[in-house]
1. How would you classify the stretch 75-215 from its alpha-carbon gyration tensor, with a ≥ b ≥ c the square roots of the eigenvalues: rounded for a/c under 1.5, else prolate if a/b is greater than b/c, otherwise oblate?
2. Going by a ≥ b ≥ c, the root eigenvalues of the Cα gyration tensor, does the stretch 146-216 fall in the rounded group (a/c under 1.5), the prolate group (a/b larger than b/c) or the oblate group?
3. Could you tally the net charge around residue 177, taking each other residue with its Cβ under 9 Å from the Cβ of residue 177, Lys/Arg +1 and Asp/Glu -1?
4. Arrange the residues 207, 104 by how much accessible surface each exposes, largest first, with a 1.4 angstrom probe.
5. Which order, highest average first, do 188-194, 70-76 follow once you tally other Cβ atoms within 10 Å for each residue and take the mean per peptide?
6. Normalised by the empirical 2.2 N^0.38 Å for globular proteins, what value does the Cα Rg of the stretch 87-136 take?
7. What percentage of the solvent-accessible surface of the stretch 54-144, computed with a 1.4 Å probe over protein heavy atoms, is contributed by carbon and sulfur atoms?
8. Which values of log₁₀ I(q)/I(0), to two decimal places, follow from the Debye formula for the chain at q = 0.07, 0.09, 0.15 Å⁻¹ with a uniform point scatterer at every Cα?
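The values are calculated or read from the model by the stated rules, or taken from the named source; none is laboratory data. What you see is a predicted model, and the numbers here were worked out from it, not measured in a lab. Quick reminder, even Gly has a Cβ in these numbers, built from the backbone with ideal geometry, and neighbours come from all protein chains shown. Only protein heavy atoms, including side chains, enter the accessible area calculation; ligands, DNA and RNA are left aside. Shrake-Rupley method; radii C 1.70, N 1.55, O 1.52, S 1.80 Å.
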Amino acid sequence: MKKSVKILSVILALVIVLGCFAACGGSEEPKDEKKVLTMATNAEFPPYEFYEGETVVGIDAEVAALIAEKLGMELKIEDVAFDSIIPGVQAGKYDMGMAGMTVTEDRLKDVNFSDSYATGVQVVIVKEGGSIASLDDIAGKKIGVQTSTTGDIYASDEFGEENVIKYENGALAVEALKNGKVDCVIIDNEPAKSYVAANEGLVILETEYAIEDYAICFAKENTELQEQVNTALKELIADGSVQRVVDKYISAE
């Protein structure tokens, strides 16, 4: 009888030890996983964001990856409609928005912005030899824009909502110009150059329509991440990393 009790005690002790190892994962501590930095963008805006195969690449994608590395985080890019970026950031669905986005007074009511990391220029695409030869000729014409962009905002304010036709992306606006549905397209200079190069008979007006600064947006309450990104951004600008990324995609003229 005593022998049986002894054997049972040994078995119970083994069960307890094995159970502890199973619950605690053995003697090794679990490795820390990197926190994810989720960036919302609209990957139809070359050279800032566009697809190579199934991967989003471009200036914003590379700068964001450098920022994430500085912060010890893993970057995750979500490709969404441009006009859903700010609402998604506000709702906490994304940590930040980075999509060649300009700081405007209206946007500052909804989100905070980082320091600027690049300068954008708004230009006008027209048909070569068409009715628009200068900025003075735009009034009263039909203007194609990408919805919720600064091109949309500026054109609507200056020329009236009734003259502005909004499209989901720049490519659709340019296609409308080719088909005669609009008389011009107001859009950022870099994607404009890509569209003109790919479509014979289209040109960019010589005079720039507007000059603006690009920045990264954050939810109003997420000031900690905003400060961390600004610190990383300052270092990346100071050591030339941001300029090297820009130069990789935009050749000096």
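1. Taking the square roots of the gyration eigenvalues as a ≥ b ≥ c, the stretch 75-215 is prolate.
2. Because a/c hits 1.5 or more and a/b fails to exceed b/c, the stretch 146-216 counts as oblate.
3. After counting each charged neighbour, the total is +1.
4. 207, 104
5. Ranking the peptides 188-194, 70-76 by packing returns 188-194, 70-76.
6. 1.69
7. 45
8. Results for the chain at q = 0.07, 0.09, 0.15 Å⁻¹ read -0.34, -0.48, -1.05.
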